Amino acid sequence: MITFLKLLFSALLVWMCYVVITTSMKSSLFREWNFLGSIPWMRATLWDFYTNVLVIFIWICYKEKTIFSKGIWLILLVTLGSIASCIYMLVQLFRLTPKEGLKELFGKQHG
């Protein structure tokens, strides 16, 4: 299961980097911001995104011990979204020892 998750989150990370880079090359978010902000579904999508950031960040606050690492991950989640989420999951997966599994992935705290 851990190997599958490593492959899955790696593929998702590569895909999201590709999507963000190719989209950024075609369209500037900052130039389109006023137009996008006027679309109700875009506002709903942003609320959805930041709600998910909060949910993931609460889990990160449990997993990470230092204020510094919590703060860094919050900044990364807010600015990079699912790219940061995938990176965090990969970091957690690669921290596991060969004997550890899903229980340790989701519950083990780091100092």
So what are the chain's ellipsoid semi-axes, whole angstrom, largest first, if each one is the square root of 5 times an eigenvalue of the alpha-carbon gyration tensor? 30, 17, 12
With r as the distance between the Cβ atoms of Trp15 and Phe35 and R0 = 22 Å, compute the FRET efficiency 1/(1 + (r/R0)^6) and round to 0.05. 0.25
Taking the Cα centre of the chain as the origin, how large is its charge dipole in debye, to the nearest 20, when only Lys and Arg (+1) and Asp and Glu (-1) carry charge on their Cβ atoms? 220
Under a 10 Å cutoff between Cα atoms, tell me which one of Ser69, Ser27, Ser82 has the largest fluctuation in the Gaussian network model of the chain. Ser27
Before anything else, pin down the relative contact order of the chain: Cα pairs under 8 Å, at least 6 apart, normalised by residue count, whole percent. 40
Build a GNM of the chain with springs between Cα atoms under 10 Å: which of Ile83, Ile56, Ile21 gets the top mean-square fluctuation? Ile21
Straight-line reach from Lys65: which lysines have Cα under 17 Å away, leaving out those fewer than 8 places along the same chain? Lys108
Dividing the helical contributions, -39500 (n - 2.57) per DSSP H run of n ≥ 4, by the residues of the chain yields a 222 nm value, nearest 500 deg cm²/dmol, of -27500 deg cm²/dmol
Give the aspartates and glutamates whose C-alpha is closer than 16 Å to that of Lys6, dropping any in the same chain fewer than 8 places away, or say none. Glu100, Glu104
Using only the alpha-carbon atoms, how far is helix 82-95 inclined from the longest principal axis of the chain? Give it as 0 to 90 degrees, nearest 10. 10
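No lab work stands behind these numbers, since they all come straight from the coordinates. Given the structure is predicted, the values throughout are model-derived calculations rather than measurements. Every residue, glycine among them, receives a Cβ derived from its backbone with ideal geometry; neighbour counts consider all protein chains shown.
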